[in-house]
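Below: one structure, written as structure tokens.
The values are calculated or read from the model by the stated rules, or taken from the named source; none is laboratory data. From a predicted model like this one, the values you see are computed outputs, not experimental measurements. All Cβ positions, even for glycine, are placed from backbone atoms using ideal geometry, and neighbour counts span all protein chains on display.
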Amino acid sequence: MLKELITFNLWGQQWVVNSYGFFMGLAAIAVLSLGLYSAHKMGLPLLRSLMCLIVMTISVPVGARVLNVAINPTVYAQNTGRIMAFEPTGFSLLGGLLLAALTGLFTTRLLKISMWRLGDAVAPGLGIALALMRLGCFFNGCCYGLPSSLPWAVRFPYGSPAHKYYLAHNHSIGGEFQLGQLLGSPALHPTQLYEMLAALIAAGLTVFLIRKKTPVGVPCLAAVILFTLTRLGNHFLRVQPPTNEVSLFFYPIIYVCILLLAAILLKLRVETAKHNRQ
């Protein structure tokens with residue numbers, strides 16, 4: 001865990017570079033730069049592609065905050081100023097990705113760009129961006145997992161969010177309190193790293209499928225399916241924030257709907273490509 005990356009003094013004031021915010025910034029740069037590069041390689045118009053990418057990138061924090069407010073209404077009702085706060089906390093990634101997909105659909109139609117070609121162009125950079133965001137979560141100590149006896153399980157240090165949670169709830173492997181919990185969290189599933197790995201594999205998969213010249217839209221849909229499957233499984237391996245006011249199955253239901261839609265669209269893209277070749 002490395003919550004604060006850099007602390008320095010400038011203009012008589014102390015500045016702190018938070019790992020979560022830093023990696024969120026890197027993620028935005030990655031998706032914009034790599035997405036634009038891929039769009040150029042695919043022959044898409046650069047200016048219109050850039051406009052779409054900017055709108056989609058801005059949509060991510062907006063959608064993530066909207067969903068976070070929706071599932072934590074009491075928290076925000078007690079402090080409405082948090083809704084518009086610029087602090088890099090209080091985000092639900094799924095909301096950001098869904099809004100980005102919707103704004104991408106709208107802007108590609110408005111600017112007359114192939115939605116599927118741009119989706120394929122964005123997919124590798126988005127995978128890298130998601131991996132960076134999850135690395136930021138790991139360093140920040142948030143989005144931590146349930147207790148695990150697996151050899152790659154991780155322990156978060158004293159004072160971390162995971163340590164405070166498990167100390168307060170008296171949770172541990174086997175349900176019994178362990179003295180070591182006074183010094184840090186029990187061994188936990190590194191759920192942040194699971195998603196980081198899935199995002200990197202999804203990015204590699206899209207590059208592979210693009211080079212194999214699979215039908216347009218197949219690479220991005222394959223990446224969606226892979227990453228969503230990981231999110232679905234990971235949901236049951238991580239601690240759900242105690243402030244959430246939705247059912248444990250709220251997210252899984254959405255994930256299953258996304259998987260069904262992506263699978264149907266993938267089948268249609270393949271069948272359309274076969275029909276066009278005949």
- Message: Quick check on the stretch 91-107. Is at least one of its residues under 13 Å from the mean Cα position of the chain (by Cα), at pLDDT below 85 and either surrounded by fewer than 20 Cβ atoms within 10 Å (Cβ to Cβ) or on the phi < 0 side of the Ramachandran plot (or both)?
- Response: yes
- Task: Would you mind stating whether residue 211 is closer than 23 Å to residue 113 by Cβ and charged (D, E, K, R)?
- Result: yes
- Query: (1) in contact (Cβ under 8 Å) with a residue 40 or more places away in the chain; (2) in a helix (DSSP H, G or I): which one isn't true of residue 44, the others all being true?
  - Reply: (2)
- Residue pairs qualifying under the 7 Å Cβ cut-off, at least six apart or on distinct chains, with the first in the stretch 155-167 being over 16 Å from residue 192 (Cα atoms) and in contact (Cβ under 8 Å) with a residue 40 or more places away in the chain and the second being among the small types (Gly, Ala, Ser) and in a loop (DSSP other than H, G, I, E, B), are none
- Query: Applying the selection to the stretch 229-274, what residues are more than 30 Å from residue 168 (Cβ to Cβ) and acidic (Asp, Glu)?
  - Reply: 271
- Among the residues of the stretch 120-141 satisfying the criterion of being surrounded by fewer than 23 Cβ atoms within 10 Å (Cβ to Cβ) and over 13 Å from the mean Cα position of the chain (by Cα), which is modelled with the highest pLDDT? 139
